[in-house]
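Asks: Provided herewith is a single structure, encoded as C-alpha cells, for subsequent inquiry.
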There are 2 protein chains.
Amino acid sequence: MNVLICSVGRRVKLVEAFRSELQKVNGRVIAVDCDPTAPALHFADMYEVVPRIDDSSYIDYLKKVCKKYEVTGILSLIDPELSLLANHVEEFEKEGIYVIVSDKQTVDICFDKYSTSQFLSDNGLPCIPTYINIDEVIRDFKVGKLDFPLIIKPRKGSASIGINKVYTLEELLIYKNETAEIVIQPFVNGQEFGVDCYIDIFSRKLINMFMKKKIVMRAGETDKSISVKDYDLKQLIERLVNVLKPLGPIDIDCFLTKDGFVISEINPRFGGGYLHAHMQGQNFVENIVKNLSGFTNQLQNIEYEEDLIMVKYEDVKLMKNVDKGIGTGQI
Amino acid sequence: MNVLICSVGRRVKLVEAFRSELQKVNGRVIAVDCDPTAPALHFADMYEVVPRIDDSSYIDYLKKVCKKYEVTGILSLIDPELSLLANHVEEFEKEGIYVIVSDKQTVDICFDKYSTSQFLSDNGLPCIPTYINIDEVIRDFKVGKLDFPLIIKPRKGSASIGINKVYTLEELLIYKNETAEIVIQPFVNGQEFGVDCYIDIFSRKLINMFMKKKIVMRAGETDKSISVKDYDLKQLIERLVNVLKPLGPIDIDCFLTKDGFVISEINPRFGGGYLHAHMQGQNFVENIVKNLSGFTNQLQNIEYEEDLIMVKYEDVKLMKNVDKGIGTGQI
C-alpha cells in the first residue's frame, strides 16, 4: 500500500512517521510539493515536484503520480488544498484511490473563518464573535458589545499570515479600503489549547482525542505545548465532532476564557502540533493505514500522560540546487 | 577540555556539533539556559538551568557552573549576553576560563544598530543610513534624500523582534511618542546575503569565510540559504574585519543594492544560519577547540561548493515538565 502526501513542505517528521508505519505493511510514502527544496520531500521513499495547487493541471498531475506509484490513499497537509481534494474525491475513487479528507461542506466551513463562526453559533457552540462588516463592528462597539483591541485576519488564511491587531477606531477605519476578504474579531485574552482528533473513515466515530495547552507559538505554529486532560474541553470537542462530522485527522484550536472554552479555529487535517499527540502514542498515521487497509479503527482508550512537554527545534538538510522544473526525485 | 555554552535555546544542532568535536579530545559540552524546556539543553553532555542573564547573580552562577564542570572555555549564542561576558572576561580568565567573545568595544558597536552604522560610515564602509531622530528623518525626506517605506527597529534588538515598516509621514509621526530606543532606516530593496567568519583568537586573523544568499526567512532566522562566492562581498568583509577586529565566530548580514553591497548587521557570535557553513566543511567548532587547546588556526583554504542549498525543518522532543527552579540536569 502506497500513500501520497501532498504539499509536504517542512513536515519531515510526519513524513517519517508515515514511512515507518507503511514499512510494516510493505508500503511506501510518496511526497509531492511544488518547491523542490521543500525539506520533507527528501525524507519520503519517493518524491515528485509538481505544479502549484492553483495550476489548472494540478489534479491531472496528481492522478499521474498516483498511477505511477500505485497509490492507495492521498492526503494533503495544507488548508487551501483540502477543498480542492474534496472537490475531486469521486474522480480519484473511480481510479481506486481513497482521498483522506472531510466532506466538501465540512472543509469549506473550516477554511472560511466567517463560516466557521456562523456554523458554531448556529449549533450552539461557543465561538469568537466574527464580523465581516466594519460598520457592524462600529455599531457593536458604540453600544458597548465589543471593545478594542480587535484582531483582523484574512477570511481564508492559515499559518497566522496577515494577522493584525488594532487598538483604535482610526486604525480600524483604515481597513474600510481593504480589498482582501477579512474578518474582525475581539482579541481573546485566554490560554490557548489545541486538540488533535482522529475520526474513523468507516464508522465516522471519534477514535482519538489528545488535548494540549499551547505554551509558545512561533511563525503561527505551536512551538511548545504541554499535554493536559480537561473534561469540559473533551465534552465541547465531542459536541463539535457530532455536528461537524469531519473525517480522518483534525486539529481544533480553543481559548479558555473567563466564560469557559471557546472554539477559535478548526483545521480538518494534521495540525502543526500533531507530533505531540503522536509521540504520546496517539498514532493517527497507524489509523490511516488501517483504514486504507479496509479495517475500522475501534475507540482507542490509549491513556496518555498529562504534563509532558513537547518542544520543537530545528534540524537542517543540505541539498543540490535542483532545477526548478517539475520532475522525479526517486531515492 | 569542557566547554560551556550559554543561552543555548533551540540550537540543538550546534550543541551536537560541539559535543561531537569535544568527544575527539575527551571533552564535554555543558549547556545552560534559564528555561528548563530549552530543547538544546537536553542534547548537551550536561546541563544546568540558570537565572536569567539580567539577574544580578547570573555571572556568579556561571562561575560556579564553570568550577563544577572544570570548564576551559565559555561562549554565548545570544546578542544581549555578549556585552555581559565581554565585561567579565578578566574575572573568568583569573580562574583559567577563556571567554570566546570579541572585545567589549566591538560587541557594543555591533549590538547597537546606530553605533554600527556610525562605525561603518566612519570607516568608509557601505551601510544603511540610520537615524535615531525623527526630525532628521523628516528633514532628509523633505530634501529628497530619503523616501518611504522606512523600517523602524529597536536600537538594540535581535531575531527581527519589533520591526515595523511605515509607508507614510503620518505613520512615522506615531513613533514620536515612542519611549523605547529605536532606529529608522530606509527600506533596502535588495537580495540579502549572510557571511559566516571565524577569526583566530591568537593570530586575530580571518581564518574562514562562508558566503550565502538568504532565500527564505522565518521568525527572523535564515530558513533556506544557498552557498555563493562573490569577490566584491569577500573584499568588503575583509575590510570590515580589518577595522572591527572581532574574535571567534561572527555573522555579517549584507544587502546587494544597485550601488553594490551594504552591510546591515553584524553579530559577533554564531549566526542563526551557521549550520550551512558547518555542513559545507567550515568547522568553526573545531577552530574553537583548537584555540582552547592553545593552538593557532591557520588560514583555511577549504574550498566550499557553490550553489548548495541548506533548508531547515523541525524536529521535536518530549520531556517531563521539570520544576522551573534552577538545578542540574546531568545526563
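The values are calculated or read from the model by the stated rules, or taken from the named source; none is laboratory data. This structure is a prediction, so every number in the text was calculated from the model and none was measured. A quick note on method: Cβ atoms are made from the backbone with ideal geometry, for glycine too, and the neighbour counts reach across all protein chains shown. Just so you know, the surface numbers come from the protein's heavy atoms only, side chains and all, with ligands and any DNA or RNA stripped out. Shrake-Rupley method; radii C 1.70, N 1.55, O 1.52, S 1.80 Å.
Asks: Work out, step by step, the length gained on full extension between B:T257 and B:T179: first 0.36 nm times the residue separation, then minus their alpha carbon distance; give nm to one decimal. Spell out each step's value before the answer.
Replies: Details: separation 78, 0.36 × 78 = 28.08 nm, distance 3.20 nm.
Full extension from B:T257 to B:T179 adds 24.9 nm.
Asks: Angle, helix A:58-68 long axis vs. longest principal axis of chain A, Cα atoms, 0 to 90°, nearest 10?
Replies: 30 degrees
Asks: What is the angle, in °, between the Cα long axis of helix A:12-23 and the longest principal axis of the Cα atoms in chain A? Nearest 10 is fine, range 0 to 90.
Replies: Relative to chain A, helix A:12-23 is tipped by roughly 40 degrees.
Asks: Compute the Rg to Rh ratio over the protein assembly as shown from the alpha carbon atoms, using the Kirkwood formula for Rh, and round to two decimal places.
Replies: Working: Rg = 26.7 Å, Rh = 27.3 Å.
We get a ratio of 0.98 for the protein assembly as shown.
Asks: Summarise the partner chain shielding of A:69-80 as one whole number: the mean count of Cβ atoms from other chains within 10 Å of each residue's Cβ.
Replies: Numbers: counts 0, 0, 0, 0, 0, 0, 0, 0, 0, 0, 0, 0.
The shielding value for this peptide is 0.
Asks: If you don't mind, there's one more thing I want to ask. Sequence-distant or interchain residues sharing an amide H contact under 5 Å with B:T222, placed H: which?
Replies: Residues meeting the criterion, in which the H sits 1.01 Å from N, are B:G273.
Asks: Whole number please: convex hull volume per residue of the Cα set in region B:129-186, in Å³? If you can, show how the numbers build up before the last one.
Replies: Details: hull volume 4.1 nm³, N = 58.
Cα convex hull per residue, to the nearest whole number: 71 Å³.
Asks: In addition: Net charge near B:E90: determine it from the other residues with C-beta under 14 Å of the C-beta of B:E90, scoring Lys and Arg +1 and Asp and Glu -1.
Replies: Numbers: positive: B:K63, B:K94, B:K104; negative: B:E91, B:E93, B:E95, B:D103.
Net charge around B:E90: -1.
Asks: Show me A:148-157, A:195-204, B:261-270, B:139-148 ranked by packing, highest mean number of other Cβ atoms within 10 Å first. Display every interim value, and only then the final one.
Replies: On the way: A:148-157: 17.5, A:195-204: 20.8, B:261-270: 23.1, B:139-148: 12.2.
So the peptides A:148-157, A:195-204, B:261-270, B:139-148, ranked by packing, come out B:261-270, A:195-204, A:148-157, B:139-148.
Asks: Report the Cα centroid-to-centroid distance between region A:263-284 and region B:239-275 in angstrom, as an integer.
Replies: 40 Å
Asks: What nm distance separates the two modelled labels at B:I138 and A:D135, each placed 7 Å from Cα along Cα→Cβ?
Replies: In this crude spin-label approximation the distance works out to 3.7 nm.
Asks: So, one more: As a test of the definition: with a 1.4 Å probe, what buried accessible area, both sides summed, do you compute for A against B, in Å² to the nearest 100? List each step's numbers first, then the result.
Replies: Values: alone 16440 and 16430 Å², together 29110 Å².
Looking at A and B, the buried total is near 3800 Å².
Asks: Right, here's the next one. Over all residues in B:10-16, what is the mean tally of Cβ atoms on other chains that come within 10 Å of each residue's Cβ? Display every interim value, and only then the final one.
Replies: Working: counts 7, 2, 4, 4, 0, 1, 1.
Mean shielding by partner chains, rounded to a whole number: 3.
Asks: To the nearest 20 Debye, how big is the dipole of chain B about its Cα centre, given +1 on the beta carbon of each Lys and Arg and -1 on that of each Asp and Glu?
Replies: Numbers: 40 positive and 48 negative charges, 74 e Å.
Using Cβ point charges on Lys, Arg, Asp and Glu, chain B gives about 360 debye.
Asks: Placing +1 at every Lys and Arg Cβ and -1 at every Asp and Glu Cβ, with all other atoms neutral, what dipole size does region B:189-311 have around its Cα centre, in debye to the nearest 20? Mind dumping the intermediate values first?
Replies: Details: 14 positive and 17 negative charges, 59 e Å.
Charge dipole, region B:189-311, about its Cα centre: 280 debye, nearest 20.
Asks: Send over the Kirkwood Rh of region A:201-259, from the inverse of the averaged 1/r over different Cα pairs, rounded to one decimal Å.
Replies: Numbers: mean 1/r = 0.0764 Å⁻¹.
Evaluated over region A:201-259, this radius sits at 13.1 Å.
Asks: A follow-up question, please. Ranked highest first by the average count of other Cβ atoms within 10 Å around their residues, in what order do B:10-19, B:241-250 fall?
Replies: So the order, starting with the most tightly packed, is B:10-19, B:241-250.
Asks: Also: In region A:272-320, what chymotrypsin sites (Phe, Trp or Tyr not before Pro) fall in a loop by DSSP, with at most 15 other Cβ atoms inside 10 Å?
Replies: Taking region A:272-320 and a limit of 15 other Cβ atoms within 10 Å, the loop chymotrypsin sites (Phe, Trp or Tyr not before Pro) found are A:F295.
Asks: Continuing with the same structure: If you project the alpha carbons of chain A onto the principal axes, what extent comes out on each, in Å, largest first?
Replies: 62, 45, 39 Å, listed from the longest principal axis down.
Asks: Determine the order of B:E93, B:E171 by accessible area, beginning with the largest, at a probe radius of 1.4 Å.
Replies: Working: B:E93 85, B:E171 65 Å².
Descending order: B:E93, B:E171.
Asks: Taking K and R as +1 and D and E as -1, what net charge do the other residues with C-beta under 14 Å from the C-beta of A:F193 add up to? Let's see the in-between values first.
Replies: On the way: positive: A:K212, A:K213, A:K214, A:K224, A:K229, A:K234; negative: A:E192, A:D196, A:D230, A:D232, A:D251, A:D253, A:E265, A:E306.
So the surrounding residues net to -2.
Asks: Per residue of region B:88-104, what does 6.51 cos²θ - 1.76 cosθ + 1.60 with θ = phi - 60° give for ³J(HN,Hα)? Whole Hz please, x for Gly and Pro, Karplus curve as stated.
Replies: 10, 3, 4, 4, 5, 4, 4, 9, x, 10, 8, 9, 8, 7, 6, 4, 3
Asks: Any idea what the dipole of region B:121-180 comes to, in debye rounded to 20, about its Cα centre with Lys/Arg Cβ at +1 and Asp/Glu Cβ at -1?
Replies: Working: 8 positive and 8 negative charges, 28 e Å.
Around 140 debye, computed over region B:121-180.
Asks: Continuing with this model, one more query. Select from B:T296, B:T222, A:Y114 the residue farthest towards the positive end of the dipole of the protein assembly as shown; place +1 on Cβ of Lys and Arg, -1 on Cβ of Asp and Glu, and compute about the Cα centre.
Replies: Going by the Cα projections, it comes out as B:T296.
Asks: Per residue of region B:183-190, what does 6.51 cos²θ - 1.76 cosθ + 1.60 with θ = phi - 60° give for ³J(HN,Hα)? Whole Hz please, x for Gly and Pro, Karplus curve as stated.
Replies: Each residue's phi maps through the Karplus curve to give 10, 10, 9, x, 6, 8, 9, x Hz.
Asks: Considering only the protein assembly as shown, what is the antiparallel percent among its DSSP beta bridges, to the nearest 5? Could you put the intermediate results ahead of the total?
Replies: Details: 101 of 135 bridges.
Bridges in the protein assembly as shown are about 75 percent antiparallel.
Asks: Using alpha-carbon positions, what is the distance between the centroids of region B:168-234 and region B:4-43, in Å?
Replies: For region B:168-234 versus region B:4-43, the Cα centre distance is 26 Å.
Asks: What is the sum of charges, Lys and Arg at +1 and Asp and Glu at -1, for the other residues whose Cβ falls under 15 Å from the Cβ of B:D54? Could you put the intermediate results ahead of the total?
Replies: Numbers: positive: B:R52, B:K156; negative: B:D33, B:D35, B:D55, B:D60, B:D79, B:E81.
Counting the neighbours of B:D54, the net charge comes to -4.
Asks: What full-extension length gain, to one decimal in nm, is calculated for A:Q105 and A:N321 as 0.36 nm per residue of separation minus the Cα-Cα distance?
Replies: On the way: separation 216, 0.36 × 216 = 77.76 nm, distance 4.04 nm.
The span from A:Q105 to A:N321 would gain 73.7 nm if fully extended.
Asks: Right, next: In the Gaussian network model of chain A, springs joining C-alpha atoms below 10 Å, which of A:K214, A:K165, A:K317 carries the largest mean-square fluctuation?
Replies: It is A:K317.
Asks: Right, next: Give me the percent of accessible area attributable to carbon and sulfur for region B:96-142, probe 1.4 angstrom. Mind showing how you got there, number by number?
Replies: On the way: 970 of 2060 Å².
Of the solvent-accessible surface of region B:96-142, carbon and sulfur hold 47 percent.
Asks: Grab the Cα-Cα distance for A:L169 and A:D232, subtract it from 0.36 nm times how many residues apart they are, and report the gain in nm with one decimal. Please report the intermediate quantities before stating the final value.
Replies: Working: separation 63, 0.36 × 63 = 22.68 nm, distance 3.59 nm.
So the extension gain works out to 19.1 nm.
Asks: Above 23 Å lies some portion of the pair distances; for region B:1-142, what is it as a whole percent of all C-alpha pairs? It would help to have the intermediate numbers written out before the result.
Replies: On the way: 4416 of 10011 pairs.
In whole percent, the share of Cα-Cα pairs in region B:1-142 beyond 23 Å is 44.
Asks: Find which of A:A86, A:I163, A:T179 sits farthest along the positive direction of the dipole of chain A, computed with +1 on the beta-carbon of Lys and Arg, -1 on that of Asp and Glu, about the Cα centre.
Replies: So the residue furthest toward the plus end is A:A86.
Asks: Just grab the label-to-label distance for B:N242 and B:N189, each label 7 Å out from Cα along the Cβ direction, in nm (one decimal).
Replies: Going from the B:N242 label point to the B:N189 one covers 3.4 nm.
Asks: Projected area of region A:200-331, taken from the Cα convex hull and averaged over every viewing direction, in nm²?
Replies: In nm², the orientation-averaged hull projection of region A:200-331 is 11.2.
Asks: On the full set of protein chains, 1.4 Å probe, figure out the accessible area of A:L173 and give it in Å² to the nearest 10.
Replies: Accessible surface of A:L173 is approximately 80 Å².
Asks: Separate question: Across peptide A:305-312, what mean number of C-beta atoms from other chains lies inside 10 Å of a residue's C-beta?
Replies: Values: counts 2, 1, 2, 4, 9, 6, 14, 7.
The shielding value for this peptide is 6.
Asks: Tell me which residues come under 5 Å, amide H to amide H, from B:V228 once H is placed; ignore anything under 5 positions away on its chain.
Replies: When sequence neighbours closer than 5 places are left aside, the close amide H contacts are B:M211, B:K212, B:K213, B:D307.
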